[in-house]
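Throughout, read-outs are computed from the coordinates displayed, never taken from laboratory work. Nothing here was measured: the structure is a model prediction, and the numbers come from that model. No Cβ is skipped: glycine too gets one built from the backbone with ideal geometry, and neighbour counts run over all protein chains shown.
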Amino acid sequence: MYKFDRNSLIIVALLLILILTLLFVFINDIEIPFVNWFGDIIYNLLTPILNLFNNIISRIQNFFNILFSINEIQEEITFLRQQNQILERQIMFLSNYDRENKRLRELLNFKEKVEYDMIGAEVIANSPSVFEQLITINRGRRDGLEERMPVITYNGFLVGRIDHVGSSSAQVRLITDNQFVVGGVVARSDSREIGLVRGSGRRDKNNTMDNIAWDADIEIGDVILTSGLSNNFPEGLKIGQIINLETDNYGLSQKAELELDIYSVTIEEVMVIKNF
Amino acid sequence: MKIYFKNLIIMVLLLICQLSLGVIFPNLYLVPDFILIFIVLKAIFNGSKQAMIYGFSGGILQDAFLGTFIGIFTPVKTAVAFLSGLLSGRFFPENLLIPPLGVFLATIVHQFLYILLKENYLFNINILVVFRELILPMAALNALLTFAFYLLYIFLGRRNINWID
């Protein structure tokens with residue numbers, strides 16, 4: 001039985017004060033430099049262990065994968081060699097187009113398009129909470145990463161943005177997170193309607209795209225790309241496809257349900273766009 | 001001091017397991033909160049005072065992976081440790097149902113406190129749907145794991161539950 005004697009009451013009161021102080025610090029977003037520094041130390045101490053743990057698990061997984069699928073790997077190698085030859089031919093053709101494109105841009109005085117400066121990273125940890133859609137990657141400040149940099153998959157699907165950077169790791173807020181908002185545009189030659197893509201907060205729920213004009217030319221099946229209207233994301237990154245459309249704000253606007261492209265791949269490795 | 005350090009290392013290992021589970025099994029929808037299970041068991045067997053220290057430390061560790069030092073997990077886990085400690089000394093260790101039940105209730109309280117303190121969640125979600133589809137399955141998963149661990153230790157003959165110290 002819990003006895004509320006004098007000493008216990010003092011301890012309970014002190015603990016309550018401690019909890020309330022912590023809540024006050026959290027709710028008011030109070031930044032205490034020493035505390036942040038200490039938090040960074042904990043984070044930077046734990047992520048190398050996570051990285052090591054992840055490497056060991058990956059090696060074990062790879063060993064068993066190779067052991068049980070040698071025939072499949074042989075077939076895949078043959079297939080990839082063929083694909084490689086086809087792609088080499090395509091690169092040859094495309095380099096001709098690229099030269100032509102550059103020459104025509106120069107003739108028209110168009111601004112040269114900058115290639116993304118990207119860096120690959122491995123996912124080493126998931127979110128500690130079911131309500132926060134975050135992943136931790138094994139690249140950090142040492143690799144030139146900064147907050148708010150966009151993160152994509154190798155196929156070019158938008159994954160999220162860098163939320164917090166440690167010395168050798170960083171946290172990525174996923175596109176499915178409740179706090180994630182990005183401008184989207186319809187990728188159709190005869191329609192360039194725009195809207196805001198918002199995270200659902202859950203992995204099993206689709207994202208929504210709202211603030212679409214009530215008379216916008218938008219259809220189910222339309223592909224949505226990043227609009228690039230804000231300076232946070234480059235334009236043209238694939239977000240997803242519209243699977244449902246309905247009126248919003250009593251008919252003043254439309255709202256769409258998006259099936260995200262990142263659901264079609266497993267996010268084990270990502271690319272961080274350092275400049276665009 | 002030595003025992004606190006030992007338990008801190010256990011919590012770090014539990015956190016690493018918790019964070020890595022989703023990477024090893026990408027299709028896993030719910031990941032159990034191992035630190036919460038550990039803290040609640042600590043509270044049930046050792047009382048509130050000790051458990052609150054572990055709740056505070058566990059919360060700080062989890063908050064570090066949400067980008068803040070003292071964030072939402074630190075006060076929530078400390079509060080849950082205190083509430084769970086109220087069960088301490090009220091049942092026999094052979095009672096297999098109390099620890100899972102404690103973890104089940106603690107998970108529900110923990111997740112509700114979390115939602116209440118998150119402004120963007122509090123006003124944007126249907127609490128009933130989240131309770132039915134996220135909180136309840138999570139609480140059941142944590143309780144099931146607690147039951148399995150507790151059963152294992154009881155059957156291994158470690159009735160004095162020294163492991164929890």
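Here are a few things to note about the model shown:
- Loop-resident sites, the stretch A:109-211, for GluC sites (Glu not before Pro), counting at most 15 other Cβ within 10 Å (DSSP): A:E112, A:E115, A:E146, A:E147
- For the stretch A:181-264, relative contact order (Cα pairs under 8 Å, six or more residues apart, normalised by length) works out to 28 percent.
- Estimated FRET transfer efficiency when R0 is 30 angstrom, pair A:L196-A:I30 (beta carbons, to 0.05): 0.50
- Under the simplified labelling scheme, the B:L86-A:F64 pair shows an inter-label distance of 4.4 nm, with each label point 7 Å from Cα along Cα→Cβ.
- MRE, 222 nm, helices only [DSSP H, n ≥ 4, -39500 (n - 2.57), over chain B, to nearest 500]: -22500 deg cm²/dmol
- Note that the stretch A:76-89 has calculated 3J(HN,Hα) couplings of 5, 4, 4, 4, 5, 5, 5, 4, 4, 5, 4, 5, 4, 4 Hz, one per residue in order, obtained from phi through the Karplus relation 6.51 cos²θ - 1.76 cosθ + 1.60 (θ = phi - 60°); glycine and proline are x.
- Relative contact order (%) - chain A, alpha-carbon pairs under 8 angstrom, separation at least six: 16 percent
- Comparing Cα centroids, the stretch A:67-130 and the stretch B:23-40 end up 36 angstrom apart.
- Pairs with C-alpha atoms separated by more than 32 Å, drawn from the list A:K205/B:K6; A:K255/B:K118; A:K205/A:K274; A:K102/A:K255; A:K274/B:K77; A:K255/B:K77, are A:K205/B:K6; A:K102/A:K255; A:K274/B:K77; A:K255/B:K77.
- ³J(HN,Hα) computed for each position of the stretch A:171-179 - Karplus, 6.51 cos²θ - 1.76 cosθ + 1.60, integer Hz, glycine/proline x: 9, 10, 7, 6, 4, 7, 5, 4, 8
- At full extension, A:D217 and A:L16 could sit 66.7 nm farther apart than now, given 0.36 nm per residue minus the alpha carbon distance.
- For chain B, relative contact order (Cα pairs under 8 Å, six or more residues apart, normalised by length) works out to 23 percent.
- Charge tally for B:P137 (other residues, Cβ to Cβ under 13 Å; Lys, Arg +1; Asp, Glu -1): -1.
- Nonlocal amide H pairs with A:H164, under 5 Å, H built at 1.01 Å: A:Q171
- Going from the fewest other Cβ atoms within 10 Å to the most, the residues B:V129, A:V185 appear in the order B:V129, A:V185.
- If you plug the beta carbon distance of B:N46 and A:D204 into 1/(1 + (r/R0)^6) with R0 = 41 Å, you get a FRET efficiency near 0.65.
- Peptide B:72-83 has a mean of 4 when you count, residue by residue, the C-beta atoms of other protein chains within 10 Å of its C-beta.
- Choice from B:K42, B:K118, B:K77 showing the highest fluctuation, given a GNM over chain B with Cα pairs closer than 10 Å: B:K118
- Taking 0.36 nm per residue of separation and subtracting the current Cα-Cα distance, fully stretching the chain between A:Q179 and A:Y250 would add 23.1 nm.
- Among B:I39, B:I108, B:I154, residue whose mean-square fluctuation peaks in a GNM of chain B (springs only between Cα atoms under 10 Å): B:I154
- Between helix B:136-155 and chain B: long-axis angle, C-alpha atoms, 0 to 90°, nearest 10: 10 degrees
- Average partner coverage of A:119-128, which counts Cβ from other chains inside 10 Å: 5
- Scanning chain B for chymotrypsin sites (Phe, Trp or Tyr not before Pro) in DSSP loops with at most 15 neighbouring Cβ atoms within 10 Å leaves B:30-90 as the longest stretch between them.
- Computed on the Cα trace of chain B, the radius of gyration divided by the Kirkwood hydrodynamic radius gives Rg/Rh = 0.96.
- Added length on full extension, which subtracts the Cα-Cα distance from 0.36 nm per residue, B:L21 to B:L116: 31.5 nm
- The C-alpha radius of gyration of chain A, expressed as a fraction of 2.2 N^0.38 Å, stands at 1.30.
- Among A:6-18, A:47-59, sorting by the average number of other beta carbon atoms lying within 10 angstrom of each residue, highest first, gives A:47-59, A:6-18.
- Residue-wise HN-Hα couplings along the stretch A:225-232, as the Karplus relation 6.51 cos²θ - 1.76 cosθ + 1.60 with θ = phi - 60° gives them from phi, are 10, 5, 7, x, 6, 8, 8, 7 Hz; Gly and Pro carry x.
- Only helices enter the 222 nm calculation for chain A: every DSSP H run of n ≥ 4 contributes -39,500 (n - 2.57), and dividing by all residues gives -13000 deg cm²/dmol, rounded to 500.
- GNM on chain B, alpha-carbon springs under 10 angstrom: the most fluctuating residue among B:S20, B:S48, B:S84 is B:S20.
- Neighbouring Cβ atoms from other chains, within 10 Å of the Cβ of residues in B:23-33, number 4 on average.
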